[in-house]
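Below is a structure I'd like to ask you about.
The values are calculated or read from the model by the stated rules, or taken from the named source; none is laboratory data. All figures in this text were calculated on a predicted structure; none of them were measured in a lab. A quick note on method: Cβ atoms are made from the backbone with ideal geometry, for glycine too, and the neighbour counts reach across all protein chains shown. When the accessible area is computed, the model is the full protein with side chains, heavy atoms only, and any ligands, DNA or RNA have been set aside. Shrake-Rupley method; radii C 1.70, N 1.55, O 1.52, S 1.80 Å.
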Amino acid sequence: MTGIIDFHTHAFPDNLSERVVKMLGEEGGIGAHLDGKVSSLLASMDTCGIEKSVICNIATKPSQFDTILQWCKKISSERIIPFPSFHPHDPQFRERIEEIKREGFKGIKFHPYYQNFSIDEEKLLPVYEKISDENLILVMHTGFDFAFERTRIADPEKIIAVLKKFPSLKLVTTHLGAWELWEEVEQFLLGKPVYMEISFSLEFMNEAVRKIISNHPPEYIFFGTDSPWTEQQKTLSLFRDLQLGEEKERLILRENALKLLASV
């Protein structure tokens, strides 16, 4: 293993990063550990032995698509893998998905709370179908979110409903399947072919979290941190404290991500 891949990070344009990080941190009641700049993320990666990071974007309205796409093109590199975003209710969603694919990006990020949708609503079915048809990865915020009222718009039963309709959709669920709904992850998702990344789960370690990581098929788990909202080094240390063994660590820290990214 030559380098770790972090499948869930965030960064922002330098001229906006200070304001955006402050605003999002206040909304969620959590502090940031970096200033939100790509350069700071790269420095953190260097410290931790992280080779590549996926940077997830969120378009909160359709008009943000072009700006996000252009910034993703600007920051894309061997080490930085941006996932653009468009609003799921954008009437031009087909053209957006085709452009993301044409520009060579590997995936897309959605966040049901910031984008105001439920992941199993009928209106999104054509969107999932198009993403699947274009063979793109979809990283989806799942579970509750710090900054919002705990409405059930991204819970494990809804994840299963989507995947039953679109079994070929490369859906990566964040926060170990569903943040702070880990007992339901255990009930509905554990052992099934559902991709999960581990960000913001180890920091809230409980028996359900430990059971999911230990018993879910290891080829379906990715390392992720949600930086700058957590410290990459701390998440890495918590992960290694699980002592899953060399083979599982290799899969989760690197090989699974490489395989999925290469499949696009």
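Need the full-extension length gain, Ser39 to Asn135, defined as separation in residues times 0.36 nm minus the C-alpha distance. One decimal, nm.
Computed gain between Ser39 and Asn135 is 31.5 nm.
Within the chain, what whole-number % of the accessible surface is contributed by carbon and sulfur, with the 1.4 Å probe and all protein chains included in the calculation?
On the chain, the fraction of accessible area on carbon and sulfur atoms equals 48 percent.
Before I look further, what does the chain give for accessible area per residue, probe 1.4 Å, in whole square angstrom?
So the chain comes to 43 Å² accessible per residue, rounded to a whole number.
Could you tell me whether the range 1-152 comes out rounded, prolate or oblate from its Cα gyration tensor? Rule is a ≥ b ≥ c as square roots of the eigenvalues, rounded for a/c under 1.5, then prolate if a/b exceeds b/c, otherwise oblate.
oblate
Now for a different question. How much length is gained on full extension from Ser118 to Ser63, taking 0.36 nm per residue of separation minus their Cα-Cα distance?
Length gained, Ser118 through Ser63: 17.7 nm.
With log10 I(q)/I(0) by the Debye sum over Cα atoms at q = 0.11 Å⁻¹ defined as stated, name the option among [x] -0.70; [y] -0.60; [z] -0.54 computed from the structure displayed.
Only one option fits the structure, namely [z].
How far apart, in nm, are two points set 7 Å out from the Cα along the Cα-to-Cβ line at Leu258 and at Glu99?
3.4 nm
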